[in-house]
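Trainee: Below you will find the structure I want to go over with you.
The values are calculated or read from the model by the stated rules, or taken from the named source; none is laboratory data. Since we're looking at a predicted model, the values are computed, not measured. Here Cβ is always computed from backbone atoms with ideal geometry, including for glycine, and neighbour counts include all displayed protein chains.
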Amino acid sequence: MIMTEPPLPPEEDTQPVKITRPFISPVAASLAYQNQIDLSQITGSGADGRITRQDVLDAIQNGTARLAARRNATACITLDIDLNQMDRALKARNEQQFGVISLSPIHGILAAALDALEHYPQLTIPVDDPHVHLVRPGTTAALPLPKPMLEEPLPELAARIQEIEEHPPKNTLTAPAFLIEDHSQTGITTILPALPAGQHALLAVATPKRRPVAVTNTLVIHLTVTLSLVYDPEHAAPTDAAEFLALLKRLLQDW
C-alpha cells in the first residue's frame, strides 16, 4: 500500500484588503452614485478604459450593473452649510501670505473634519489608529491624511496635502477607513454618495456655491456647501453620525 500525505490546507490570505476605484469621469461618477450603479460591472469605452457618462446612461437604460441590495442599507445624512465666515477668513489669510499655497474651502473643510473625528473616533476604524483618506472622483488616488495633520496650521496642512498629491504612495486602500470624497472642483453641488464595499463611513464634499441665505430675516448671498455623510449602521450608530455632522457644521459656520 502506498501511503500519501494528506494535502495541506490552503494558506489564509493575510494581505490587507485592497479597494480599487474605477477610472471614471466626475460627471459619470456622480450619475452612477445617484442611480446606484455598480461601476465594477461596466467596461469603459473612453480613452484608456475610462468610464464615460454615456457608459453609465447605457447601464441605467439596460437595467444592468445595479448594485445588489445589502443586508442592511446604508444611511445618509445631508446638510447645507454656510461657509461665509470661513470664506472671508481664508481670503484674508491668502492676501497676507504672498507666495504661500492659496487656501481654498476644501482645506478648511478637511481641517474641520479631522478635528470633528477626534471627538467621534468611533466613526473611524480602528479607533486607536484611525485611517482617514481623501479620495477624488475620476481617479484611483486614495491620499492618506495622517493624524499628525491635526496639529498643523492650515497652510502646513494644505502644503502636506499638495505634497501627497504630487508624490502619492502606491495606491492601496486598506479597508476599512473613513473616506472624505472631494467633489469641490467638479462643479457638482449636490451629491448622493455611495459607500464602497468594505468601508464604514464616507463624507462627500460637493462644490461650494454662492446661494441666498437667510440672516436675521434678510436674504444675503453667501458661499455654501453641501456635505453628505453615508455610513453603515452596522458599524456606526446613527446618533454618532448625526452628532459628528452637527459638530462639523458648527466648526465651519463658527470659523
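Trainee: Does the stretch 240-255 contain at least one residue that is in a strand (DSSP E or B) and either hydrophobic (A, V, I, L, M, F, W, C) or over 26 Å from T186 (Cβ atoms) (or both)?
Mentor: First pass over the stretch 240-255, keeping only residues in a strand (DSSP E or B): none.
No - not one qualifying residue is present in the stretch 240-255.
Trainee: Being over 23 Å from L143 (Cα atoms) and under 17 Å from the mean Cα position of the chain (by Cα) is the filter; apply it to the stretch 1-58 and report the residue that is modelled with the highest pLDDT.
Mentor: Selected residue: L31.
Trainee: While we're looking at this one, here's another question. When you scan the stretch 233-254, how many residues do you find that are touching a His at 6+ places or on another chain (Cβ under 8 Å) and surrounded by fewer than 20 Cβ atoms within 10 Å (Cβ to Cβ)?
Mentor: Keep residues of the stretch 233-254 that are touching a His at 6+ places or on another chain (Cβ under 8 Å), which gives 235-236, 244, 247.
Next, only the ones that are surrounded by fewer than 20 Cβ atoms within 10 Å (Cβ to Cβ) stay: 235, 247.
Here the count works out to 2.
Trainee: Now for a separate question. Look at the stretch 204-220 and say how many of its residues are under 15 Å from P105 (Cα atoms) and either of a type outside the set (S, T, Y) or crowded, with 22+ Cβ neighbours inside 10 Å (or both). Reasoning before the result, please.
Mentor: Filtering the stretch 204-220 down to residues under 15 Å from P105 (Cα atoms) leaves 204-210.
With either of a type outside the set (S, T, Y) or crowded, with 22+ Cβ neighbours inside 10 Å (or both) added as a condition, the list becomes 204-206, 208-210.
Residues meeting the conditions: 6.
Trainee: Condition first: surrounded by fewer than 24 Cβ atoms within 10 Å (Cβ to Cβ) and in a strand (DSSP E or B). Now tell me which residues in the stretch 182-203 satisfy that.
Mentor: Kept after step one, since they are surrounded by fewer than 24 Cβ atoms within 10 Å (Cβ to Cβ), are these residues of the stretch 182-203: 182, 184-190, 192, 194-200, 202.
Residues satisfying the conditions are D182, L202.
Trainee: Looking at P126, P137, P155, which is the one that is in a loop (DSSP other than H, G, I, E, B) and modelled with pLDDT of 70 or more?
Mentor: On the way: P126 fails: modelled with pLDDT of 70 or more; P155 fails: in a loop (DSSP other than H, G, I, E, B).
Being in a loop (DSSP other than H, G, I, E, B) and modelled with pLDDT of 70 or more holds for just one of P126, P137, P155, which is P137.
Trainee: Now for a separate question. Going by the conditions given, is T207 part of a loop (DSSP other than H, G, I, E, B), at pLDDT 90 or above and either among the charged types (D, E, K, R) or under 14 Å from the mean Cα position of the chain (by Cα) (or both)?
Mentor: Working: part of a loop (DSSP other than H, G, I, E, B): yes; at pLDDT 90 or above: yes; either among the charged types (D, E, K, R) or under 14 Å from the mean Cα position of the chain (by Cα) (or both): yes.
Taking the combined requirement at face value, the residue satisfies it.
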